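The values are calculated or read from the model by the stated rules, or taken from the named source; none is laboratory data. Computed from a predicted model, the values in this text were never measured in an experiment. The accessibility values were calculated without ligands, DNA or RNA, using every heavy atom of the protein model including side chains. Shrake-Rupley method; radii C 1.70, N 1.55, O 1.52, S 1.80 Å.
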Amino acid sequence: MTAEIVLLETTLPGEWDEEQVIAFATPLVEAGLAACVQRRIGSTYRWRGELCDEQEWCLRLKTSESRSEEHTSELQSHLN
């Protein structure tokens, strides 16, 4: 039986600097919750009637199906 790979995505505030994002992502990889964390995107979107174009942090986390629920809980605890 092979493990299923799951991709989880979340965004972080664009005001965070790269050091803060690395400090957020590193423990997830160290704990084995994610095999890999990719970061940084540019986004174009409409917010409250205005067109915005900004850099923000989008974390794409690669994990196994068996750890995805644990990983989601861990993300929620860090973001709340």
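Suppose accessible area is computed on protein heavy atoms with a 1.4 Å probe; arrange Trp16, Trp57, Trp47 from highest to lowest. List each step's numbers first, then the result.
Working: Trp16 75, Trp57 10, Trp47 145 Å².
Greatest to least solvent exposure: Trp47, Trp16, Trp57.
Please list 3J(HN,Hα) in residue order for the stretch 41-47, calculated via the Karplus relation 6.51 cos²θ - 1.76 cosθ + 1.60 where θ = phi - 60°; whole Hz, with x for glycine and proline.
Values per residue, Gly and Pro as x: 8, x, 10, 10, 7, 9, 9 Hz.
Taking the Cα atoms of the stretch 1-68, report the difference between the largest and smallest coordinate on each principal axis, in whole Å and largest first.
Reported extents, whole Å, longest axis first: 49, 26, 14.
List, in order, the whole-Hz ³J(HN,Hα) value for each residue of the stretch 21-34 obtained from phi through the Karplus relation with A = 6.51, B = -1.76, C = 1.60 and θ = phi - 60°; use x for Gly and Pro.
Rounded to whole hertz, the list is 5, 5, 5, 6, 7, 4, x, 5, 6, 4, 7, x, 6, 9.
Give the distance, in whole Å, between the Cα centre of the stretch 31-59 and the Cα centre of the stretch 12-28.
12
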